[in-house]
Amino acid sequence: MSVRVLLFWLSMTIAASAQSFAGLGEGADGFALPKRGTAFEFPRDYGAHPEYRIEWWYVTANLTGTDGREYGVQWTLFRSARAPRIGGWRSPQTWMGHTALTTPEAHFAAERFARGGIGQAGAAADPFDAWIDDWSLTSQGSGYDGLRMKARTAEFAFELDLTAEGPMVFHGDNGFSVKSAEGQASYYFSQPFYAVSGAIQTPNGQMDVTGHAWLDREYSSQPLGRTQSGWDWFALTFESGHRLMTFALRDSQNAAFSSGSWISPDGTFTSISDGSITATPLRTSTVNGREVPTEWRLEYPARSVDITVSAINPQAWNDLAFSYWEGPVRATGTHIGKGYLEMTGYE
């Protein structure tokens, strides 16, 4: 670990201690706060928002190889700031990249760190380009309509083309997504309609793949309450063409706060209010020394949804500076499909 990486990791870890996961419940003094009723502006909002403290570009992809096997890929770029705008080497902007590849038998994960202001990492709006070193998510057309996603590590690599086949979705109240009973919120929108083609590389060799992907965009300055300790987040694509995003934010002092979106094949969607959907753990797995729920029951009576969500590989633990479970899942029951599950705060 280089001195630069060590210093970055220490600063982020200190900030996160005694706070919500990864410091997301930390105070927002000096930063902008999301406001209900704010209109998004594109292409500006494709890129970075340094006036906010926290931001990410998050892609998950469910893939099938020419060998008929299931694979999953994650590509994430995080931006975090210790203070509002300053340029150059004095920039308080810090960047972290996570990537992972999951097979039914193995899970690989890697991370990278960068300091803002020197070009090593960033996110440009027009044309859209997000990168950290040679890991990149780059527009191949207008905005997020077509993207090329690349990453290479010592153990795995991928290069995938993502083509949007539906509109973006703006969660909550037109993109104003409430995260707690106290009112903490973020701006949150997604492109859940990507068709994917390309190739992955594992220790077993290269494999051509096709499938579907989901891009999440979120930024805020204090998206969690101080007693919220982690979340369980689901993004599912069903064979019917419908899609479901839902999350439950666990709280050490209060009931979990839940929200989400039910998305029709044409992109119209219904916001799911707190308490309207229930996520119940059915089975846990011993993962990296802790017990983690890897099979869930999701019930959403308003849409007659009653499904079981199961991990394709229960050992999909990202053992990184901020560790968490992230991997592809299958859905069975009233709706059949695939998707991704992310679980944080299981320490």
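Figures for the structure shown
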| quantity | calculated |
| --- | --- |
| Tally of residues being surrounded by fewer than 22 Cβ atoms within 10 Å (Cβ to Cβ), among the β-branched types (V, I, T) and in contact with a Ser or Thr (Cβ under 9 Å, 6 or more places away or on another chain) across the range 231-271 | 1 |
| Given (1) modelled with pLDDT under 95; (2) farther than 15 Å from E342 by Cβ; (3) touching a strand residue (DSSP E or B) at 6+ places or on another chain (Cβ under 6 Å), number of the condition G275 does not satisfy | (3) |
| Which numbered condition R297 misses (of (1) in contact with a Phe, Trp or Tyr (Cβ under 9 Å, 6 or more places away or on another chain); (2) surrounded by fewer than 20 Cβ atoms within 10 Å (Cβ to Cβ); (3) not in a loop (DSSP other than H, G, I, E, B)) | (1) |
| Residue check for W231: under 27 Å from A181 (Cα atoms) and not basic (K, R) | yes |
| In the range 241-265, residue farthest from P301 (Cα to Cα) [restricted to those that are in contact (Cβ under 8 Å) with a residue 40 or more places away in the chain and of a type in the set (A, V, I, L, M)] | L249 |
| Residue tally, condition of a type in the set (D, E), more than 23 Å from F78 (Cβ to Cβ) and surrounded by 16 or more Cβ atoms within 10 Å (Cβ to Cβ), over the range 306-336 | 0 |
| The range 105-143, residues that are among the charged types (D, E, K, R) and in a loop (DSSP other than H, G, I, E, B) | E105, D126, D133, D134 |
| Residue that is modelled with the highest pLDDT, among those in the range 316-347 that are among the polar types (S, T, N, Q) and closer than 22 Å to G97 by Cβ | N318 |
| G198 vs. criteria touching a strand residue (DSSP E or B) at 6+ places or on another chain (Cβ under 8 Å), at pLDDT 95 or above, on the phi > 0 side of the Ramachandran plot and surrounded by fewer than 22 Cβ atoms within 10 Å (Cβ to Cβ) | yes |
| Criterion (surrounded by fewer than 17 Cβ atoms within 10 Å (Cβ to Cβ) and either at positive phi or modelled with pLDDT under 75 (or both)) met by exactly one of G88, G23 | G88 |
| Where E182 falls short, out of the listed (1) over 20 Å from N62 (Cβ atoms); (2) crowded, with 17+ Cβ neighbours inside 10 Å; (3) among the acidic types (D, E) | (2) |
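The values are calculated or read from the model by the stated rules, or taken from the named source; none is laboratory data. Owing to the predicted nature of the structure, the values given are computational and were not obtained by experimental measurement. In this analysis, Cβ positions are derived from the backbone assuming ideal geometry, glycine residues included, and neighbour counts consider all displayed protein chains.
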